[in-house]
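Working notes, beginning with the structure itself.
Read-outs: derived from the displayed coordinates by stated rules, not from any lab. From a predicted model like this one, the values you see are computed outputs, not experimental measurements. Note: ideal-geometry Cβ built from the backbone for every residue, glycine included; neighbour counts use all protein chains shown.
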Amino acid sequence: MKKQNIHSPKIARFARVCLVVALSAGCVNLMAQQAPAAKKTAAAKDTTADAPVAKKKSYTKNTFEGNYIIDNQTVMVPIKGTFEFDIQHRFGTVNNGSADLFGLFAGANMRLAFSYVPLTDLQVGIAASNEYMQADFNLKYALLKETKDGLMPVSITYYGNVVADTRKKDATTLFVTNSDRLSYFNQIIIARKVTDKFSVQVSPTYSHFNNLEGYQDAAGNVLPKMKNDNFSVAVAGRYKISDGSSLIVNYDQPLTQNPLDNPRPNVSFGIEFKTSGHDFEIFFGNYGSVEPQYNNFFNQNDYTKGQFLLGFNISRLWNF
């Protein structure tokens with residue numbers, strides 16, 4: 001007779017129960033292992049959510065209305081793609097009275113200028129004027145910009161040019177080589193928009209002429225009348241009286257002491273009108289030239305003697 005295992009049904013049931021318990025314990029253990037990872041992920045998400053978002057810098061706008069404030073450049077550089085055409089005009093001094101209609105019929109200096117902004121914060125330009133038939137190349141670059149949060153309290157811009165005297169060589173000119181025709185101007189402009197209406201800037205300036213006049217002393221020695229390098233400083237301000245108009249003032253003070261013919265300071269004041277595509281300034285001042293280094297070197301108009309003249313700047317802008 002074959003032996004039978006009478007315990008087999010109970011063992012099978014016990015085995016099934018053990019299997020279910022084992023599977024249940026495995027699931028619980030797996031869930032317990034996954035729970036911390038889930039908590040870490042949630043914590044990471046919360047940390048990410050709490051992390052500070054980097055804010056984009058917000059710069060102060062319209063510290064001045066345009067590129068010019070009377071005889072000086074402002075701290076402003078137009079937006080990228082701006083093409084600008086400028087006319088600068090200076091009449092004669094008013095002290096001759098009605099003889100030349102207070103300088104309106106006297107000899108006048110005029111400059112025509114074109115500039116473009118090919119890159120953000122960089123402007124390049126060319127110009128020509130009737131005074132000594134000058135031609136110039138100029139460059140302007142915004143180094144720093146004032147921020148609305150006050151972390152950068154001022155705007156700083158560099159402006160410089162190279163001017164060539166293109167007159168023909170004759171007995172009245174001093175040219176020996178072509179480099180004798182060249183002069184240079186460099187200026188750092190530091191500005192702050194104090195309020196929505198009032199802005200101010202100060203501009204230390206360095207000018208250089210390659211060749212200048214000399215004189216002969218009693219011993220026959222040729223001595224220079226002026227130093228080739230001259231320093232000066234300009235202070236300018238604007239106060240808005242309406243959305244489209246402002247009062248403007250400017251003062252230029254020469255600093256270098258020359259052997260002869262020290263230049264005289266410039267006091268100027270006027271009014272500015274601004275539209276979306278135009279900027280117009282009309283003013284009285286002592287500077288009669290339209291290139292800044294010529295003013296800083298050679299100005300002899302004396303404001304204490306009433307030697308003022310009428311001038312204006314016109315700018316037309318297009319954006320491409």
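Just need the relative contact order of the range 201-303 here, percent rounded to a whole number, with Cα pairs under 8 Å and 6+ apart.
Working: 205 pairs, mean separation 22.2, N = 103.
Relative contact order of the range 201-303: 22 percent.
If contacts are Cα pairs under 8 angstrom and at least 6 residues apart, what is the relative contact order of the range 68-319 in percent?
On the way: 661 pairs, mean separation 49.9, N = 252.
Value for the range 68-319: 20 percent.
Cut-off is 10 Å between beta-carbons; in what order do Glu281, Glu213 appear when sorted fewest neighbours first? The partial results should precede the final answer.
On the way: Glu281 22, Glu213 11.
Listed from fewest to most nearby Cβ atoms, that is Glu213, Glu281.
Express in nm, to one decimal, how much length is gained between Leu260 and Leu139 on full extension, taking 0.36 nm for each residue of separation and deducting their alpha carbon distance. Spell out each step's value before the answer.
Details: separation 121, 0.36 × 121 = 43.56 nm, distance 3.14 nm.
Gain on extension, Leu260 to Leu139, equals 40.4 nm.
So, with +1 on the Cβ of K and R and -1 on the Cβ of D and E, and no other charges, what is the size of the charge dipole of the range 68-319 about its Cα centre, to the nearest 20 debye?
360 debye
Over the range 99-197, what is the mean sequence separation of C-alpha contacts under 8 Å (at least six apart), divided by residue count, expressed as relative contact order in percent?
On the way: 165 pairs, mean separation 19.7, N = 99.
Worked out over the range 99-197, it gives 20 percent.
Alpha carbon centre of the range 271-320 versus the range 151-181: separation in Å?
A separation of 18 Å, based on Cα centres.
When the expected Rg is taken as 2.2 N^0.38 Å, what fraction or multiple of it is the alpha-carbon Rg of the range 187-306? Write down the numbers at each step before the final one.
Numbers: Rg = 17.7 Å, N = 120, 2.2 N^0.38 = 13.6 Å.
Taking the Cα Rg and dividing by 2.2 N^0.38 Å, one obtains 1.31.
Which percent of the Cα-Cα distances in the range 68-319 go past 28 Å? All intermediate terms of the calculation are to be shown ahead of the outcome.
Details: 10782 of 31626 pairs.
Considering the range 68-319, 34 percent of its Cα-Cα pairs are separated by more than 28 Å.
Students often get this wrong: which residues of the range 143-161 have the backbone nitrogen under 19 Å from the point 7 angstrom along Cα-to-C-beta of Leu119?
143-145, 156-161
With the dipole of the range 68-319 worked out from charges on the C-beta (+1 for Lys and Arg, -1 for Asp and Glu) around the Cα centre, which of Gly92, Ile282, Leu144 lies farthest toward the positive end?
Leu144
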